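K.L.:
Take a look at the following structure, please.
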Amino acid sequence: MVGSELNEGDLADRFRAGDVRALARAISLVERRDPSVRELEQSVRAQRRAPGVVGFTGAPGTGKSTLVDGVVALLRKHESSVAVLATDPNSPFTGGAILGDRIRMQRHALDPKVFIRSMGARGHLGGLSLATREAIRLLGAFGFDEVILETVGVGQSELEVAAVADTTVVVLTPNLGDGVQMIKAGILEIADVFVVNKADLEGHVRVVAELRSMLSLAPKGQWKPPILATIAAKQEGIEELWAAVLSHRQHLESSGRARELAAQRLKDETAEAAAEIARDRVRRSLSEDPALAERLLAEGTPYQTAEEILDRGR
Ligand SMILES: Nc1nc2c(ncn2[C@@H]2O[C@H](COP(=O)(O)OP(=O)(O)OP(=O)(O)O)[C@@H](O)[C@H]2O)c(=O)[nH]1
Ligand SMILES: [Mg+2]
């Protein structure tokens, strides 16, 4: 791979010059949790812009990629540049592309204002959301106006990734009976916009009605999540969907919530980064200091050992 032969200095130059391969390489470093990317992040900091971040989540096969493809087409019509990150928490890391998503969005493959990439993260819980946040910052510095996250399912890490988005779109369909499943997994709380996709299939009216009655029972917040019906396969309802996203964004801005969220996210990310840094340091000490590891095994005192290592400083 050409990219891997570059030193990070060249990488930063190429990144600033708008070389998309440098961006892809930087995201690979982020995905691998390689600390060398921090230098790049520092050197492109001045270029940082905050892109709009919209998450699409829902059960497998509900039509997320098809919807995202439609949204990308709409954004391009409006001259906005857009990056799509498809995160797959169930695969350790993907190194590039989920084939299906690539095919679904292939018509944008040659458009330099569209960047499509899938991402996984090795290791611990929280790794993927850290990687996603760092990737979003890089995409902003690279100049993308919008970042769309596609996450599969409703497990813990999907919720974490969704929490990175300003606006979370939850996608349901008439035929999966996933309404009930979704509620169980607590996705109601994270949805800013509901989409009932595949409205060409029987049962969509019922799903919309069920959702509506469920939402009427939910505690009243400031924002009432709209419920939209779409037929992504025919590009129907995409404009209304994007209008709902923009209206949520407007609400975040005017209510002051946007600022609060940004502050909260930075604090959360700092706490997660601290955990990652500490974990790496402890692992390193245990592998570099056999006497210490030996004692740990003999005494069986993980907390004490962890504190001792962290107290030593670097
Ligand atoms: N009938 C119907 N089928 C649709 C519609 N939108 C998408 N599909 C089909 O649903 C299937 C899944 O679509 P995807 O967009 O790949 O769904 P996804 O949610 O991204 O799937 P994963 O990434 O695997 O979770 C494909 O065969 C689509 O053609 C729709 O509005 N109506
Ligand atoms: Mg998909």
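K.L.:
Can you tell me which residues in region 203-216 are more than 29 Å from the chain's Cα centre (by Cα) and loosely packed, with under 10 Cβ neighbours inside 10 Å? Can you show your working first?
P.N.:
At the first step, the residues of region 203-216 found to be more than 29 Å from the chain's Cα centre (by Cα) are 203, 205-206, 209, 213.
Answer for region 203-216, where residues must be more than 29 Å from the chain's Cα centre (by Cα) and loosely packed, with under 10 Cβ neighbours inside 10 Å: just 213.
K.L.:
If you take the residues of region 104-116 that are open to solvent by less than 20 Å² (accessible area, probe 1.4 Å) and within 16 Å of ligand 1 (Cβ to nearest atom), which of them is modelled with the highest pLDDT?
P.N.:
108
K.L.:
Sticking with this structure for a sec: Counting just the residues of region 66-77 that are open to solvent by 30 Å² or more (accessible area, probe 1.4 Å) and farther than 19 Å from residue 142 by Cβ, which one comes out nearest to ligand 1 (Cβ to nearest atom)?
P.N.:
Checked region 66-77; the qualifying residue nearest to ligand 1 (Cβ to nearest atom) is 66.
K.L.:
Kindly indicate whether any position in region 222-238 is within 13 Å of residue 169 (Cβ to Cβ) and assigned to a helix (DSSP H, G or I).
P.N.:
Yes; the residues of region 222-238 include at least one that is within 13 Å of residue 169 (Cβ to Cβ) and assigned to a helix (DSSP H, G or I).
The values are calculated or read from the model by the stated rules, or taken from the named source; none is laboratory data. This structure is a prediction, so every number in the text was calculated from the model and none was measured. Cβ sites come from the backbone with ideal geometry, for glycine too, and all protein chains shown count toward neighbours. When the accessible area is computed, the model is the full protein with side chains, heavy atoms only, and any ligands, DNA or RNA have been set aside. Shrake-Rupley method; radii C 1.70, N 1.55, O 1.52, S 1.80 Å.
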